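Inspection log for the structure reproduced underneath, given as structure tokens.
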Amino acid sequence: VHVEYASEFRYRNAIIDANTILIAISQSGETADTLAAIKKSKESGALTLGICNVVGSTISRETHAGIFTHTGPEIGVASTKAFTAQLTILIMLALKLGRKKNISKNKGKKLIRALRDIDQDVISILKNSDKVKKVAKNTWKANNFLYLGRGVNFPIALEGALKLKELSYVHAEGYPAGEMKHGPLALIEEGMPVVVLAPRDNYYKKTISNMQEVIARGAKVLLITNKSKDEVVSENIWETIEVENTNDDLLPFLLTIPLQKLAYYSALKKGYDIDKPRNLA
């Protein structure tokens, strides 16, 4: 699997043939760059699948097959429901393909059970938003944010940074935690907010080690992890937000909610129109 930016994909000479499947993801189903990528792939003989929200949209008509997310109208560009629905579809699609590749039945059942219960875990996070509000109250004046994650949670760091940019108009960067020492560490200064996604997975100890590096340089660290009886092996963490425990493959669903809420409360504190971010259609 290669993950591509549609706007870049259309201009490069990607190797596409009849054994290639292109999965196009778009909330509106009208994204021009994504449509151009679909057209290019079809001309090379690829099977194209669309994942979009709007029934009857161009992408739903131009692709060979696809899946609707059915999340209702998008009121604001920075839409949590569109993102989490797309994650859900991708997990289910991966599971469907896994069954064709002899994924264990037990693993598949565990994943589906956890997916069915994920709404209760999300509700629990939403009911306990006071800590996120407190973080926003203390960081809304900051000019720079850094978001760090590893593995499947690196894209969630990107998503968190994107939402803060879109809603609060703040410079925010998402980075693989292990790459931080190759440059971004120079940006860390006293009091700079750094959001660290460190669920207790196979990357946990390494991510905590990266976190200690930024704390040592004066960063104000918000750690987002999942609940555990084990203590976090680090000192001087500014704030910690714990989400419920679930299947490791589904933790991105839960970790993204505090990030979206942080962007929301930061924009609210600044008095910006959350449903109509400036410069965004």
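The values are calculated or read from the model by the stated rules, or taken from the named source; none is laboratory data. On a predicted model such as this, the values are computed, not experimentally measured, just so you know. Ideal geometry is used to build each Cβ from the backbone, glycine not excepted, and the neighbour counts take in all protein chains shown. Keep in mind that these areas ignore ligands, DNA and RNA; they rest on the heavy atoms of the full protein, side chains included. Shrake-Rupley method; radii C 1.70, N 1.55, O 1.52, S 1.80 Å.
Assess whether residue 112 counts as being among the β-branched types (Val, Ile, Thr), on the phi < 0 side of the Ramachandran plot and surrounded by 15 or more Cβ atoms within 10 Å (Cβ to Cβ).
no
Taking the options 51, 67, name whichever one is β-branched (Val, Ile, Thr), open to solvent by less than 30 Å² (accessible area, probe 1.4 Å) and in a strand (DSSP E or B). Break it down into steps so the answer makes sense when it comes.
Details: 67 fails: open to solvent by less than 30 Å² (accessible area, probe 1.4 Å).
It is 51.
Conditions tested, residue by residue: (1) aromatic (Phe, Trp, Tyr); (2) touching a residue at least 24 places away in the same chain (Cβ under 8 Å); (3) in a helix (DSSP H, G or I).
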position	(1), (2), (3)
84	no, yes, yes
87	no, yes, yes
90	no, yes, yes
95	no, no, yes
103	no, no, no
113	no, no, yes
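Go through (1) over 19 Å from residue 142 (Cα atoms); (2) at pLDDT below 95; (3) surrounded by 17 or more Cβ atoms within 10 Å (Cβ to Cβ) one by one and return the number of the condition residue 274 breaks.
So the condition that residue 274 fails would be (1).
Go through the residues of segment 133-145 one by one and say whether even a single one is more than 15 Å from residue 259 (Cα to Cα), assigned to a helix (DSSP H, G or I) and out of contact with any Phe, Trp or Tyr (no Cβ under 9 Å at 6 or more places or on another chain).
No, that holds for no residue.
Does segment 25-36 include one or more residues that are part of a strand (DSSP E or B) and modelled with pLDDT of 95 or more? Working first, answer last.
To start, the set of residues in segment 25-36 that are part of a strand (DSSP E or B) comprises 25-26.
Okay, now just the ones that are also modelled with pLDDT of 95 or more, so 25-26.
Yes, that holds for at least one residue.
Go over the candidates 122, 77 one by one and state the one that is β-branched (Val, Ile, Thr), touching a Pro at 6+ places or on another chain (Cβ under 6 Å) and at pLDDT below 95. Lay out the reasoning, then the answer.
On the way: 122 fails: touching a Pro at 6+ places or on another chain (Cβ under 6 Å).
Only one candidate passes the filter, namely 77.
Taking the residues in segment 121-176 that are in contact (Cβ under 8 Å) with a residue 12 or more places away in the chain, closer than 19 Å to residue 245 by Cα and surrounded by fewer than 17 Cβ atoms within 10 Å (Cβ to Cβ) as candidates, determine which candidate is nearest to the chain's Cα centre (by Cα).
Step by step, filter segment 121-176, then rank; the result is 126.
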